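The values are calculated or read from the model by the stated rules, or taken from the named source; none is laboratory data. Note that this is a predicted model, so its numbers are computed, not measured. With ideal geometry, Cβ positions are generated from the backbone for all residues, glycine too; neighbour counts draw on all protein chains shown. These accessible areas exclude ligands, DNA and RNA; they are computed on the full protein's heavy atoms, side chains included. Shrake-Rupley method; radii C 1.70, N 1.55, O 1.52, S 1.80 Å.
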Amino acid sequence: MGGAMKVLSNARVIDGTGAAPLKNATIVIRGDRIDSIATRSQADFPADADIVDCAGMTVLPGLIDCHDHMANHGYDLAHRWGIDEPESTRHLRTAAVLRQTLEAGYTMIRDAGGLDAGFKRAIDEGLAVGPRLMLSISIVSPIGGIGDRMAPSGDCCCLPGDPLLPSGVVETLADVRPVVRKMVRAGADFIKCATTGGASSRPGHGPRDGAFNLDEMQALVEEAHALDRRVMCHALGGRGLDIAIAAGVDSIEHGCYLDEDPRHLDMMAARGIVFVPTLLVYEYHRKSPQPHVRERAHHLYQHHVLAIQKALKAGVKIVAGTDAGGHGHPANAGELVCLVEAGLTPMQAIQAATSWAAECCGKEAELGTVEKGKLADLVVVSGDPLADIGMLREPANIRLVLKGGEAVARSAPLRQNIAL
Ligand SMILES: [Zn+2]
């Protein structure tokens, strides 16, 4: 059985719990799980184990991004409507992003819309290489909401939908439950919905403009929970943010104006609703060529930073998510840099992308920390991310990625940079 055993020796370990790093540790991996963690003198493993000397390196839990759109590759309307390139080219582009994301140390991704269940199946079958996936399929919103494919001209998308991505548009209260069930039928692990517009949505549907009434959101949350699915809700501010929290969603995505009404963060803390701010996308929107997007992003920035600081004080868990896809696929760890700039310690930023993120996904029993018995999703990096969180963005610093105990082989670089 020695061949099935891997050992990471001389490692500095940041275990994801927020505890001080362990020095000179030996992590023994048997099959897909962590068998033991010990200081060097106590370690016990067979001589023929596969030993990786981690001197000078840090071992972290596999990183998790809780808000990504892996199958999106730009905000351009022709792209969003799927008419700019063949479907097959787009799928292969998505497969390359999945692989690149895993190689960067991200062993689990919660997709916030657009990725169909076929990718998860392909990864499970070994047809493609990628992170563990938590899917939401399509965004559920009312007519005119962000899940409705409508152009600024007023045109609605004229193309037939993809059967693997059923429409998330709800017309009346009676449609809410069937739409939730259709997402689950298509493979949703989460229900993604939206109760407001956003920075990049069409003019007239901005961050404080509502979508869904309370009755509809209560039906949505009730149905999702009845099917054992959590609800991740895009909500920036105004009445829509209020309705999302009142209806009892499980996470607030973006939450830019959570600084405005102190009852919001108090209710989130009391109900265990997590906050996924997705700062990286707003950094991009602040430079948008579209004036309405740029203006919205500038207006919300100070509120967003204040919302994060107040959330920390109120005891609301903050979870890392990049909202990548529309703004290309930059290094997901860029979000950790933004979180530190907004007031998290580097250790908290790491927790936001490991243990807190695993809790957000309901996977804390299996993932998110370096602990005996958990799945061996681990990333070995050169240097010390607590001294320089930004080093996690650099591919050269990611020395080894293990997913379920298996080393991820690094692929050849692409001819064109898909990161945009
Ligand atoms: Zn998103």
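Observations, loosely collected:
- 10 Å-binned pair-distance histogram of the chain (Cα, whole percent): 5, 23, 32, 25, 11, 3, 0
- Scattering curve values for the stretch 204-331, log₁₀ I(q)/I(0), Debye with Cα scatterers, q = 0.12 Å⁻¹: -0.44
- Between helix 173-185 and the chain: long-axis angle, C-alpha atoms, 0 to 90°, nearest 10: 30
- Working from label points 7 Å from Cα in the Cα-to-Cβ sense, the residue 313 to residue 410 distance is 4.5 nm.
- Per-atom-type breakdown for the stretch 175-259 gives carbon and sulfur 41% of the accessible area (1.4 Å probe, protein chains only).
- Under 12 Å of direct C-alpha separation, and excluding same-chain neighbours fewer than eight residues apart, residue 374 reaches these aspartates and glutamates: 15, 32, 35, 364, 366.
- Rounded to 10°, Cα long-axis angle of helix 87-103 versus longest principal axis of the chain: 40
- Placing one equal scatterer on every Cα of the stretch 290-420 and applying the Debye formula, the log10 ratio I(q)/I(0) at q = 0.22 Å⁻¹ is -1.49.
- Taking every DSSP helix (H) stretch of at least 4 residues in the chain, weighting each as -39,500 (n - 2.57) and dividing the sum by the residue count yields a mean residue ellipticity at 222 nm of -9000 deg cm²/dmol.
- Value in Å of the Kirkwood radius, where the stretch 7-51 supplies the Cα pairs that are averaged: 10.9
- For the chain, a Gaussian network of Cα nodes joined below 10 Å ranks 154, 255, 82 by mean-square fluctuation, and the top entry is 154.
- Ordering of 104-116, 157-169 by packing [mean C-beta count within 10 Å, highest first]: 104-116, 157-169
- Beyond 19 Å in Cα-Cα separation lie the following of the pairs 192/287; 23/372; 23/403; 317/372; 313/363; 6/403: 192/287; 23/403; 317/372; 313/363.
- DSSP bridge orientation in the chain - percent antiparallel, rounded to nearest 5: 45
- The stretch 225-283: relative contact order in percent, alpha carbon pairs under 8 Å with at least 6 residues between: 32
- Relative to the Cα centre, the charge distribution of the stretch 216-276, modelled as +1 at Lys and Arg Cβ and -1 at Asp and Glu Cβ, gives a dipole magnitude of about 80 debye.
- Top of 128, 211, 224 by mean-square fluctuation, Gaussian network on the chain, Cα under 10 Å: 128
- Distance (nanometres) between label positions extended 7 Å along Cα→Cβ at residue 19 and residue 215: 5.2
- Contour excess over end-to-end distance, with Cα ends at residue 348 and residue 76 and 0.36 nm allotted per residue: 94.5 nm
- Centre-to-centre separation between the Cα atoms of the stretch 313-352 and those of the stretch 193-251: 22 Å.
- Carbon/sulfur fraction of accessible area - the stretch 50-95, other protein chains in place, 1.4 Å, %: 58
- Reach of residue 120 by Cα under 12 Å, taken over aspartates and glutamates that are not fewer than 8 positions away in the same chain: 111, 189
- Solvent-accessible heavy-atom area per residue, rounded to whole Å², over the chain at 1.4 Å: 41
- Helix 291-314 axis, angle to the chain major axis (alpha carbon atoms, nearest 10°): 50
- For the stretch 266-360, the fraction of 1.4 Å probe accessible surface lying on carbon and sulfur atoms is 53 percent.
- The length gained on full extension between residue 47 and residue 159, counted as 0.36 nm times the residue separation minus their Cα-Cα distance, comes to 34.3 nm.
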